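Novice: Have a look at this one.
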Amino acid sequence: MKSKELRQKFFDFFKKHGHEQVASSSLIPAEDPTLLFANAGMNQFKDVFLGKEKRSYNKATSIQKCVRAGGKHNDLDNVGFTKRHLTFFEMMGNFSFGDYFKQDAIKYAWEFLTKELSLPIEKLHVSVFETDDEAYNIWKDEMGISTQHIHRLGASENFWQMGDTGPCGPCTEIYIDRGPEHGCGNADCAPGCDCDRFLELWNLVFMQFDRQPDGTDKSLTRTGVDTGMGLERVAATLQGKDSVYETDIFMPIIDHLSKVTGIDYTKQTGDMKAAFQVLADHIRSSSLLINDGCAPSNDGRGYVLRKIIRRAALFAQKLSDDQDLFPNLSTVVVQELGDVYPELKTKQRLIKEVLKSEIDKFATNLVRGKQILQKYMNEHKKSKMVSGEQAFKMYDTYGFPTELTELIAKEHDFAVDMEGFAKHMAKQKAQSGKKTTDDFAHIKDLDEAISSAFTGYDELKTSSKIIALVHDFTSVDKVSAGSNVFVIAEQSPFFIVGGGQVPDNGWLTIGDKKVPIKSVRFIQKGIAAEIEAPVDIKVGDAVVSEVHKQKRIDAMKNHTATHLLQAALIELFGNQIKQSGSLVHPDYLRFDFTYHGTLSEADIKKVEDIVNDKIRANIPVDIQQMAYRDAIKMGALAFFGDKYNPENVRVVNVPEFSVELCGGTHVPQTGDIGTFKITQEQALAAGHRRIFALSGPKAIDLYQETFNTVKNLSHLFKIKHEKVLDTVEKLNTQHKELQKELKRSQQQLLNAQMASLADNIEIVNDVPFLYATFKDMPLDALKESMLQLANKKPGLYFFGSQGDNRVTFVATISEAFADRLDFKKFGTWLKEEANLQGGGSKNILQGGGTKLDANLKDLLKEWIAKNN
């Protein structure tokens with residue numbers, strides 16, 4: 001059975017049984033700091049299981065994109081060397097939110113496997129959690145499974161949790177017996193054994209608990225079912241393949257690799273076979289991650305993506321010298337998965353360019369890093385250990401992921417001191433002041449039900465009462481005047497976050513005292529305003545929250561302008577434009593987006609013209625609440641990093657131009673924006689660009705400032721304002737020519753002096769030596785003349801030039817004397833003895849300082865005599 005048919009059968013079966021088919025969520029978990037990437041089908045349903053979110057359905061089915069290459073669930077090191085480990089895979093699952101539980105979950109799974117997929121019953125085994133008698137009895141009594149095929153296992157095998165915290169519960173797993181020829185040979189071999197005989201197909205998790213930060217389990221408000229079955233494993237079973245890499249999911253990629261490299265995959269073993277499999281897996285994970293908005297970087301998710309790409313680059317070298325081998329594989333991924341995930345087609349060029357750029361950057365570092373590591377290993381052959389300090393240096397200085405250091409070390413039978421590496425990493429984080437947890441995530445003694453109603457869409461001033469006070473990360477009933485405190489009101493107009501918009505500024509009035517807020521943030525679901533208490537405050541007191549009106553209005557102008565900007569970019573450059581970040585500030589806006597090309601000045605003007613046309617049209621901005629599905633049907637754009645309630649989303653619509661899901665604040669009509677001006681456009685990384693822009697009063701201020709500058713220049717030069725640019729360009733050209741002429745004159749003067757200076761060359765311990773100083777002479781002129789002299793008469797020469805507040809110097813030593821006098825030591829000596837700082841190479845040193853010591857010439861001669 002082909003994988004395409006398997007997908008359809010799975011969805012058809014569960015839809016027949018009343019399940020809602022739900023699309024895969026992004027690989028980037030929305031608003032979930034506990035996860036690097038989506039790693040299970042239930043990730044997008046986490047809040048439903050916790051009772052924090054309601055859906056219009058209580059049974060669902062999905063095939064979820066998953067990545068396991070960082071954090072707790074990290075399979076990266078094994079990928080390529082085993083038959084089933086993958087960084088990217090797709091998880092088929094069915095879910096119950098308070099509807100059915102163990103009995104129906106087991107029945108559905110058994111029916112699908114034995115009837116829809118026709119797997120032989122006699123080869124199927126199941127495991128249950130060691131104390132779960134209910135699941136054991138359902139398998140035995142209702143499914144009719146022989147007790148010899150039911151196995152009780154411990155928590156490590158049959159108790160599942162998504163992360164350190166969150167939903168969890170006992171599970172039952174279904175295995176297929178692949179036969180004793182795949183096993184370990186032990187008489188007691190059974191599910192749970194580490195050998196390859198019993199292959200886990202399906203894991204049925206019975207969601208009963210919510211794992212707390214302290215490790216305790218709290219019962220969920222309602223039980224649920226979360227199941228997961230790897231598409232790749234099931235495909236391998238149905239297609240009779242020993243490895244997932246031999247299925248129709250991976251073979252198109254591997255066949256392409258064989259074709260372009262001329263290497264037959266089927267004849268490979270060991271590292272060569274692993275290289276094919278690493279590339280086949282890594283191109284899927286990296287392509288899908290880039291597709292979902294992830295970009296290579298030095299931390300977080302971006303660092304994991306960088307590790308995957310760089311690991312692929314290392315293995316690609318085993319197959320070909322072509323640096324584009326790996327990026328070009330993305331075309332095959334788009335061909336194979338483009339119908340399943342259509343956005344891959346629109347981002348095909350972006351994906352390839354990001355991959356190519358990252359590999360190009362790494363190529364030089366890879367060669368250099370391998371040389372450095374090889375040299376280190378040659379010097380430490382006895383220990384056969386790469387120290388933690390060296391591994392950290394490879395990571396921190398040369399951008400070498402530790403996985404690559406381990407990989408190269410392993411090829412030479414070396415180990416890596418990862419414990420030592422971790423200590424160096426921890427030390428660096430401590431020095432940089434990075435925090436790994438949010439101090440506001442767990443406020444001591446704060447009621448979990450605390451929640452504020454947001455009134456800021458309709459009003460900027462709200463009278464309410466205080467429902468909580470937070471002081472020093474603890475919930476308190478009262479605080480004294482002068483205390484720093486977060487005040488949580490029952491209703492509040494303060495906007496905190498949404499669509500990239502920054503939090504509001506404003507004031508709180510308590511009693512007859514009005515004080516400015518220092519910051520505003522969410523604490524749990526409460527809107528918390530930070531102030532210095534003007535009087536003694538207690539829970540229950542009246543409070544008036546007031547938003548800074550002008551700053552809110554300016555932010556609204558910039559936010560709606562951001563929507564118009566994105567729509568204009570899409571109109572001009574197509575659907576490859578995808579928002580990858582934004583910042584909406586009262587003073588300006590910043591918009592990050594994916595685009596493979598560059599924007600010319602003419603392109604920028606076209607964008608500005610479109611946006612300003614829509615502003616002048618004064619189009620009413622329509623804001624509605626509707627189901628997510630309905631919003632997407634009407635063409636609304638969703639941002640990959642945001643989380644949306646499937647039953648109720650906020651749609652901001654500029655009719656016939658822009659429709660976006662957005663929780664931010666906006667102007668009633670586009671004319672309120674006033675005007676729009678792009679101030680800067682730049683590249684962030686391959687395929688990622690950034691625009692800064694102004695709107696409203698700030699844009700007008702810029703126009704006025706620019707006009708006044710041009711007006712003053714026109715008065716200064718006594719020309720019409722339209723001639724200012726030409727005049728400035730002419731003056732700039734003249735200035736450059738004068739600078740060149742000055743440089744030529746200085747060089748000629750210096751060359752003329754060289755003849756007489758050559759007569760002053762001294763011999764110090766058989767080394768020709770010349771020390772000379774000049775006034776306001778450019779460093780490059782000194783260097784040119786010095787090298788000309790050195791070519792005629794090899795030696796050690798030092799030239800200095802005194803400026804108004806600083807001196808510069810250049811020194812050279814001819815190759816004939818370089819082995820006798822170490823210029824690296826010379827540079828250190830200059831810094832310590834003459835307070836001159838410089839750098840350079842084995843033969844040339846240049847730099848500067850505040851002054852040239854009057855005795856420097858004699859000191860230099862002494863240094864030559866001592867070190868020669």
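Novice: Can you pull the percent of Cα pairs in segment 669-729 with separation above 20 Å?
Specialist: Considering segment 669-729, 51 percent of its Cα-Cα pairs are separated by more than 20 Å.
Novice: Given R₀ = 56 Å, what would the calculated FRET efficiency be for Thr165 paired with Ala602, taking r from the Cβ atoms and rounding to 0.05?
Specialist: Step by step, r from the Cβ atoms, then E = 0.60.
Novice: Report the dimensions of segment 703-785 along its three principal axes from the alpha-carbon atoms, largest first, rounded to Å.
Specialist: The Cα atoms of segment 703-785 stretch 69, 22, 16 Å along their principal axes.
Novice: To continue, here is another question. What whole-number volume per residue, in cubic angstrom, does the convex hull of the C-alpha atoms of the chain give?
Specialist: In the chain, the Cα hull volume divided by residue count equals 240 Å³.
Novice: Oh, and also: In nanometres, what is the gap between the two model label sites at Phe522 and Asn835, each 7 Å from Cα along Cα-to-Cβ?
Specialist: 5.7 nm
Novice: Take the Cα radius of gyration of segment 349-505 and divide it by 2.2 N^0.38 Å, with N its residue count; two decimals is plenty.
Specialist: 1.74
Novice: Can you give the FRET efficiency to the nearest 0.05 for Thr147 and Lys83, using r as the Cβ-Cβ distance and R₀ = 25 Å?
Specialist: After rounding to 0.05, the efficiency reads 0.25.
Novice: Something else: Are any of the pairs Lys267/Lys381; Lys461/Lys525; Lys16/Lys633 more than 30 Å apart by Cα-Cα distance, and if so, which?
Specialist: As for pairs spanning more than 30 Å Cα to Cα, those are Lys267/Lys381.
Novice: Name the residues whose placed amide hydrogens come within less than 5 Å of the amide hydrogen of Asp541, ignoring near sequence neighbours (fewer than 5 apart) on the same chain.
Specialist: Ile466
Novice: Which shape class, rounded, prolate or oblate, goes with segment 309-411 when its Cα gyration tensor gives a ≥ b ≥ c as root eigenvalues, a/c under 1.5 marks rounded, and past that a/b bigger than b/c marks prolate?
Specialist: Prolate shape, in that a/c is at least 1.5 and a/b is the bigger ratio.
Novice: Kindly provide the pair-distance distribution of segment 371-434 built from C-alpha pairs, with 5 Å bins from 0 and whole-percent values in order of increasing distance.
Specialist: Here the calculated profile for segment 371-434 is 4, 19, 30, 25, 12, 6, 4, 1.
Novice: If all Cα-Cα distances of segment 35-109 are sorted into 10 Å bins from 0 onward, what percent lands in each bin, rounded to whole numbers?
Specialist: Spelled out per bin, shortest first, that is 17, 39, 29, 13, 1.
Novice: Please provide three numbers in whole Å: the alpha-carbon extents of segment 186-243 along the principal axes, with the largest listed first.
Specialist: 43, 28, 17
Novice: What is the log10 of I(q)/I(0) for segment 741-819, computed with the Debye formula using one identical point scatterer on each Cα and no solvent, at q = 0.16, 0.19, 0.21, 0.26 Å⁻¹?
Specialist: -0.57, -0.78, -0.93, -1.30
Novice: Residues of segment 509-575: accessible area per residue at 1.4 Å, in Å²?
Specialist: About 41 Å² of surface per residue is accessible.
Novice: While we're here: How much accessible surface area, in Å² rounded to 10, belongs to the heavy atoms of Lys851 with a 1.4 Å probe?
Specialist: Lys851 exposes around 130 Å² with every protein chain in place.
Novice: For Lys842 and Glu862 in one chain, what is 0.36 nm times their gap in residues minus the Cα-Cα distance, to one decimal in nm?
Specialist: Answer, rounded to one decimal: 5.2 nm.
Novice: Let me check something: with ligands and nucleic acids excluded, how do Ile623, Ile610 order by accessible area (1.4 Å probe), largest to smallest?
Specialist: Ile623, Ile610
Novice: Over segment 578-706, what per residue volume does the convex hull of the Cα atoms give, in whole Å³?
Specialist: Dividing the Cα hull volume of segment 578-706 by its residue count gives 118 Å³.
Novice: Set the Förster distance to 51 Å, then compute FRET efficiency between Gln734 and Met634 from the Cβ-Cβ distance, nearest 0.05.
Specialist: 0.30
Novice: Want the number for Glu459 to Asp819: 0.36 nm per residue separation, take away the alpha-carbon distance, what's left?
Specialist: 121.8 nm
Novice: If you take the Cα Rg of segment 709-752 and divide it by 2.2 N^0.38 Å, with N the number of residues, what do you get?
Specialist: After normalising by residue count via 2.2 N^0.38 Å, the value is 1.69.
Novice: Of the heavy-atom accessible surface of the chain (probe 1.4 angstrom), what whole percent is carbon and sulfur?
Specialist: Accessible surface attributable to carbon and sulfur in the chain totals 47 percent.
Novice: So, for segment 225-270, what is the accessible surface per residue at a probe of 1.4 Å, expressed in square angstrom?
Specialist: For segment 225-270, the per-residue accessible area is 39 Å².
Novice: Could I ask something else about it? At 1.4 Å probe size, with every protein chain present, just tell me what the per residue accessible area of segment 668-736 comes to in Å².
Specialist: For segment 668-736, the solvent-accessible area averages 64 Å² per residue.
Novice: To check you understand DSSP bridge types, tell me what percent of the beta bridges within the chain (both residues inside) are antiparallel, rounded to 5.
Specialist: Of all bridge pairs located within the chain, approximately 85 percent are antiparallel.
Novice: Do any of Lys318/Lys345; Lys775/Lys866; Lys356/Lys614; Lys370/Lys851 go past 32 Å between their Cα atoms, and which?
Specialist: Over 32 Å apart, Cα to Cα: Lys356/Lys614; Lys370/Lys851.
Novice: Which helices count as membrane-span-like in the chain under these terms: full DSSP H, at least 30 Å along the axis by C-alpha, Kyte-Doolittle mean of 0.0 or more?
Specialist: 270-291
Novice: How much length, in nm to one decimal, is gained on full extension between Lys743 and Lys375, taken as 0.36 nm per residue of separation minus their Cα-Cα distance?
Specialist: Full-extension gain reported as 127.9 nm.
Novice: Mind checking the alpha-carbon convex hull of segment 418-546 and giving the volume per residue in Å³?
Specialist: Taking only Cα atoms, segment 418-546 has a hull volume of 139 Å³ per residue.
Novice: If you look at just the Cα atoms of segment 545-645, how large are its Rg and its Dmax in Å?
Specialist: 15.1, 46
Novice: Quick one: if you stick a label point 7 Å off each Cα along the C-beta vector at Asp271 and Glu116, how many nm between them?
Specialist: The answer from the label model is 4.4 nm.
Novice: Show me the ranking of peptides 509-518, 167-176, 263-272 by mean Cβ neighbours inside 10 Å, starting with the highest.
Specialist: 167-176, 509-518, 263-272
Novice: Viscosity 1.306 mPa s, temperature 10 °C: give me the Stokes-Einstein translational D for segment 111-247 in µm²/s, with Rh taken as the Kirkwood radius over C-alpha pairs.
Specialist: Here the translational diffusion coefficient equals 99 µm²/s.
Novice: Express in whole angstrom the spacing between the alpha-carbon centres of segment 465-519 and segment 283-325.
Specialist: Taking the Cα centre of segment 283-325 as reference, the centre of segment 465-519 is 45 Å away.
Novice: Once label points are set 7 Å from the Cα along Cα→Cβ at both Glu647 and Asp264, what is their separation, rounded to one decimal in nm?
Specialist: So the two model labels end up 6.1 nm from each other.
The values are calculated or read from the model by the stated rules, or taken from the named source; none is laboratory data. Since this is a predicted model, take the numbers as computed values, not measurements. When we count neighbours, we look across all protein chains shown, and the Cβ atoms used for this are built from the backbone with ideal geometry, even at glycine. Note: areas computed on protein heavy atoms with side chains; ligands, DNA, RNA excluded. Shrake-Rupley method; radii C 1.70, N 1.55, O 1.52, S 1.80 Å.
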